[in-house]
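Chemist: Let me begin by handing over the structure; questions about it come next.
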Amino acid sequence: MNANEHDHVIEVTDLRRVYGGGFEAVRGITFHVKRGEVFALLGTNGAGKTSTVELLEGLARPAGGRVRVLGHDPFTDRAAVRPRTGVMLQEGGFPAELTVAETARMWAGCVSGARPYADVLDLVGLAGKAGVRVKQLSGGERRRLDLALALLGDPEVLFLDEPTTGLDAEGRRDTWELVRALRDAGTTVLLTTHYLEEAEGLADRLAILHEGRIAASGTPAEVTAAQPARISFELPEGYFVGDLPPLDTLGVLTHEVDGRVVRLRTRELQRAATGVLVWAERAGVELRRLDVRSASLEEAFLGIAREASAEADARGEAVAA
Amino acid sequence: MSAGTIGRGTTPAGRMAALARAEVTLLGRSKGTLFAAMFVPLALPFSMRSAAQEMDLRGAGLSVGTVVLPAALGVSLLFAVYATLVGVFVARREELVLKRLRTGELRDVEILAGSALPAVATAVVQSAVLAAGCAVLLDVHAPRAAYYVVPGYLLGVVMCAALAAVTASWSRSTESAQVTTMPFILLSLTGSGLVVPLEVMPDRLASVCEVLPLTSVITLLRGGWNGSLTAGDALTALVTALAWTAAAVFAVRRWFRWEPRR
């Protein structure tokens with residue numbers, strides 16, 4: 001066991017995946033996940049999340065680049081990796097005609113050091129459904145069965161592909177609590193999600209995937225901090241943008257006017273907000289619909305998607321010209 | 001890792017047993033598959049019996065029993081092993097079960113073998129019943145050269161299971177599997193000595209039929225049973241059966257589809 005295996009449980013270097021038709025789903029991504037960390041791959045549908053996770057799970061051979069999980073290649077060195085990982089695929093994968101208990105028992109027979117399957121069913125709240133056929137489960141119950149099976153062998157590394165998609169609010173909270181408990185017990189978790197609050201609330205670090213590339217990565221705070229904050233308000237009757245103090249002196253990066261609504265973007269939220277409010281106070285006017293907010297992960301996410309598609313448009317125009 | 005988990009690693013046999021157990025349960029719940037696998041091979045030999053009685057078998061050195069029994073074993077391989085397993089592999093692939101299994105500790109060959117085990121066991125039990133039935137009803141003696149019968153049968157099982165996996169790769173759904181299994185079943189029934197022994201075929205047709213996959217298996221079963229097979233013919237049949245089995249296994253390793261088409 002080398003030092004790397006302790007520090008970086010998952011190492012991904014310039015990873016690429018190309019499908020049969022030539023579609024390049026993963027276009028050279030690099031990241032690592034440390035032991036005991038919860039790492040989220042965030043992205044819209046089609047961003048390349050599942051394509052990436054499948055390479056980490058060792059289900060397919062990369063078209064380029066390198067993956068190491070616990071120091072091994074998960075595709076060529078399956079036998080060394082699989083007893084130490086747990087996988088929850090994006091969609092089921094259970095025979096419809098087996099009951100929950102039969103499915104769990106079958107899987108338990110294929111997992112090293114499996115816990116009694118009744119325990120994990122209990123853990124995910126499926127104990128009462130043990131005798132029910134898989135085909136009769138709701139979508140959320142199937143997700144929880146999948147999670148239970150991923151946990152059977154007390155894995156060191158857990159891959160969760162959209163673990164809460166299809167769950168109701170309560171089920172989602174339960175899953176989050178479970179993931180936090182696992183992290184506290186030392187499990188390394190890599191999860192994909194398109195729910196921003198899930199990534200923000202669960203992940204120690206995250207990467208935002210867009211069109212097969214990593215558009216931003218870091219802790220949720222770091223990714224968010226890279227984005228400007230926002231101030232918006234309605235101009236009082238009879239006033240124009242030009243009546244405000246010079247915007248650059250307030251640290252405002254850009255502004256836009258939409259009817260009577262003004263939107264400002266700034267990296268110095270306190271200074272810009274103070275400037276606007278002091279101005280309003282002195283002018284004796286009320287700023288209706290005032291909204292001052294620091295950047296959120298959602299802002300960062302939408303900003304990245306916007307920038308990326310603007311770049312794509314620019315490329316498209318350049319080609320057209 | 002706590003001491004409690006050491007030594008609780010899985011073994012290939014244990015993993016396949018867990019998978020096979022689930023497949024037995026599933027086979028029991030799939031009445032249509034169960035019927036086709038269990039009863040077709042048991043019923044078909046009786047319809048063949050009358051046809052066999054019409055043929056000029058004495059001239060070819062054959063008896064009704066030694067035509068019907070190998071044919072019945074061949075039908076068992078075709079329906080209980082081949083056709084059943086195409087359906088099993090397609091269904092598990094389309095349900096994403098195969099993909100799910102591949103995320104775990106099972107090796108690819110264990111997934112296929114474990115899933116195939118209940119169907120193979122069905123065929124073996126069925127063959128024992130058929131052999132006993134033919135012994136009682138058609139006065140068939142014990143095999144004269146069991147050393148041809150046993151390898152012939154085992155090769156037949158592996159070949160049919162591997163060909164089922166190949167066929168499954170061409171079948172998009174369990175419904176289309178009912179069509180994609182027909183060519184091999186019909187070809188084998190007509191050309192591999194199941195319904196019409198090669199000995200009573202025109203020579204040119206017989207020489208083509210000799211190279212069909214299941215023909216070598218039937219040759220070994222029948223020749224081994226009545227002791228008529230020369231060492232040279234037996235060797236040719238063994239090599240042919242091995243070659244088909246190896247080709248089928250290679251095709252599975254190379255082209256088997258573990259996931260539905262996107």
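The values are calculated or read from the model by the stated rules, or taken from the named source; none is laboratory data. Please read these numbers as outputs of a predicted model, since none were measured by experiment. Cβ: placed from backbone, ideal geometry, glycine included. Neighbour counts: every protein chain shown. To get the accessible areas, we keep the full protein, side chains included, count just its heavy atoms, and leave off ligands, DNA and RNA. Shrake-Rupley method; radii C 1.70, N 1.55, O 1.52, S 1.80 Å.
Chemist: Based on the alpha-carbon gyration tensor of the protein assembly as shown, what equivalent-ellipsoid semi-axes (square roots of 5 times the eigenvalues) come out, in whole Å, largest first?
Modeler: Taking √(5λ) for each eigenvalue gives 65, 24, 20 Å, largest first.
Chemist: Let me ask another. Hey, with R₀ at 60 Å, roughly what FRET efficiency would B:Val200 and A:Asp122 work out to, going by the Cβ-Cβ distance, to 0.05?
Modeler: The computed FRET efficiency comes out at 0.35.
Chemist: Set the Förster radius R0 to 45 Å, insert the Cβ-Cβ distance between A:Phe240 and A:Thr44 as r into 1/(1 + (r/R0)^6), and round the FRET efficiency to 0.05.
Modeler: 0.75
Chemist: To the nearest 10 square angstrom, how much accessible area does B:Val40 have with a 1.4 angstrom probe?
Modeler: Probe radius 1.4 Å; accessible area of B:Val40 about 40 Å².
Chemist: To the nearest 20 debye, what charge dipole does segment B:40-165 have about its Cα centre, counting +1 at the Cβ of each Lys and Arg and -1 at the Cβ of each Asp and Glu?
Modeler: 200
Chemist: Something else about it: So what's the net charge close to A:Val100: Lys and Arg +1, Asp and Glu -1, counting the other residues with Cβ under 14 Å from its Cβ?
Modeler: Charge balance near A:Val100 sits at +1.
Chemist: Oh, and also: Taking the simple approach of a point 7 Å from Cα along Cα-to-Cβ for both A:Val261 and B:Val150, what is their distance in nm?
Modeler: Those two pseudo-labels are separated by 8.3 nm.
Chemist: Say we join alpha carbon atoms closer than 10 Å with springs in a Gaussian network model of chain A; which of A:Trp176, A:Trp107, A:Trp279 then has the biggest fluctuation?
Modeler: Judging by the Gaussian network model, the answer is A:Trp279.
Chemist: Another one. What does the average come to when, for each residue of peptide B:17-30, you count the partner chain Cβ atoms lying within 10 Å of its Cβ?
Modeler: 4
Chemist: Still on this structure: Could you check the simple spin-label distance between B:Arg253 and B:Gln178, using points 7 Å along Cα→Cβ, in nm with one decimal?
Modeler: If labels sit at B:Arg253 and B:Gln178, their model points lie 3.6 nm apart.
Chemist: In whole Hz, with x marking every Gly and Pro, tabulate ³J(HN,Hα) for segment A:217-233 from phi via Karplus 6.51 cos²θ - 1.76 cosθ + 1.60, θ = phi - 60°.
Modeler: 8, x, 6, x, 5, 5, 5, 5, 5, 6, 9, x, 8, 10, 10, 9, 6
Chemist: Would you mind giving the total buried accessible surface between chains A and B, with a 1.4 Å probe and ligands, DNA and RNA left out, rounded to the nearest 100 Å²?
Modeler: The summed interface area works out to 2800 Å².
Chemist: Can I ask one more? Calculate, for the protein assembly as shown, the solvent-accessible area per residue in square angstrom, rolling a 1.4 angstrom probe over the heavy atoms of the protein chains.
Modeler: Numbers: 26730 Å² over 583 residues.
On a per-residue basis, 46 Å².
Chemist: With everything on Cα atoms, drop me the angle between helix B:40-54 and the longest principal axis of chain B, reported from 0 to 90° to the nearest 10.
Modeler: Orientation of helix B:40-54: about 10 degrees from the principal axis.
Chemist: Under the rule a/c < 1.5 gives rounded, and otherwise a/b versus b/c splits prolate from oblate, where does segment B:188-249 land using the Cα gyration tensor? Intermediate values should be presented prior to the final figure.
Modeler: Working: a/c = 1.65, a/b = 1.12, b/c = 1.47.
The shape class here is oblate.
Chemist: Which of A:Lys34/A:Lys135; A:Lys34/A:Lys129; A:Lys129/B:Lys31; A:Lys49/B:Lys31 have a Cα-Cα distance over 28 Å?
Modeler: A:Lys34/A:Lys135; A:Lys34/A:Lys129; A:Lys49/B:Lys31
Chemist: With springs connecting C-alpha atoms under 10 Å apart, model chain A as a Gaussian network and identify which of A:Phe159, A:Phe233, A:Phe31 has the largest mean-square fluctuation.
Modeler: A:Phe233
Chemist: For chain A, list the DSSP H helices whose alpha carbon atoms reach 20 Å or more along the long axis and whose average Kyte-Doolittle value is -1.0 or above?
Modeler: Working: long enough: A:169-184 (23 Å, -1.16); A:269-283 (21 Å, 0.35); A:297-320 (34 Å, 0.08).
TM-like helix candidates: A:269-283, A:297-320.
Chemist: Moving on to the next point. Using a cut-off of under 20 Å, list every residue of segment B:71-107 whose amide N is near the label point 7 Å from the Cα of A:Asp73 along the Cα-to-beta-carbon line.
Modeler: Correct set: B:102-107.
Chemist: Rounded to the nearest 0.05, what FRET efficiency do A:Glu298 and B:Thr11 give with R0 = 45 Å and r taken as the Cβ-Cβ distance? Could you check? Intermediate values should be presented prior to the final figure.
Modeler: Values: r = 49 Å, r/R0 = 1.09.
Calculated transfer efficiency: 0.35.
Chemist: While we're here: If you place +1 on the Cβ of every Lys and Arg, -1 on the Cβ of every Asp and Glu, and leave all else neutral, what size is the dipole of chain B about its Cα centre, to the nearest 20 Debye?
Modeler: 1080
Chemist: Could you sort A:His255, A:His32 by their accessible area in this structure, using a 1.4 Å probe and putting the largest first?
Modeler: Heavy-atom accessible area, descending, gives A:His255, A:His32.
Chemist: Which residue, A:Val223, A:Val124, A:Val132, has the most motion in a Gaussian network model of chain A that connects Cα atoms within less than 10 Å?
Modeler: The residue with the greatest mean-square fluctuation here is A:Val132.
Chemist: Could you pull out every residue, at least 5 positions away or on a different chain, whose amide H is within less than 5 Å of the one on A:Val26? Hs are placed 1.01 Å off N in the peptide plane, and Pro or chain starts have none.
Modeler: Under 5 Å from the amide H of A:Val26: A:Arg17.
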